[in-house]
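The values are calculated or read from the model by the stated rules, or taken from the named source; none is laboratory data. Quick caveat, the model's predicted, so the values are computed rather than measured. We place every Cβ from the backbone using ideal geometry, glycine too, and count neighbours over all the protein chains shown. These accessible areas exclude ligands, DNA and RNA; they are computed on the full protein's heavy atoms, side chains included. Shrake-Rupley method; radii C 1.70, N 1.55, O 1.52, S 1.80 Å.
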Amino acid sequence: MRANLLKRSPRRLSAENGFTLIEVMVVLVIISIVMGVGMLSLNQNEQNQLRVQTNKVKSLLEFVSDLSAFDQKMYLVVPEATGLTAYRSDKGVWEIASKVNAMDWVVEAEWQTEPSAVQRYELPKPGWVFWPSGEVTPGSISLMTLSQKMQQQETIEPQVIQWNVFLQFSPEDS
């Protein structure tokens, strides 16, 4: 009997090696299902990141506005590649505001500031000025995920935060 087992034909051995077409198809179906679920959860995660970042930006701007009124000092919020930094003017000298924590971007951001404000108010950097009266220079920040910026995903809309001189946010980003 051992001799029979050892003497299998080469044709039979080659037929036993590898996968059948059905096995390969089942594996491909399973992989595609897992990838589809993963992409859906990634999409949800990106939407949550945008929503959280939008709320953080609005909260920071409102906090700086309130702080400016309470301290009766001018404040400046400066957008940079890494995030938002707040400055405070004390007797004409701008210094980083110790009461305001800098905020880092978790998503991609683009912004608009008033370029003439730098010279007009002798600002250290371009940004949005907050006066003790409660007024602020109008501006906007557009937040998007990296995949949106690379224009790979069009299903998620970028979040645009716009405000007027009284720090009233436009209705579509409320």
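Some notes on this structure:
- Over 20 Å between alpha carbons, listed pairs K56/K125; K56/K99; K56/K91: K56/K125; K56/K91
- Of the whole protein surface, T20 contributes about 80 Å² of accessible area at a 1.4 Å probe radius.
- Considering the stretch 72-129, its Cα convex hull presents a mean projected area of 4.2 nm².
- Share of carbon and sulfur in the accessible heavy-atom surface of the stretch 65-140 [1.4 Å probe, %]: 48 percent
- Förster-model FRET efficiency, 35 Å R0, S116 and N55, C-beta, rounded to 0.05: 0.70
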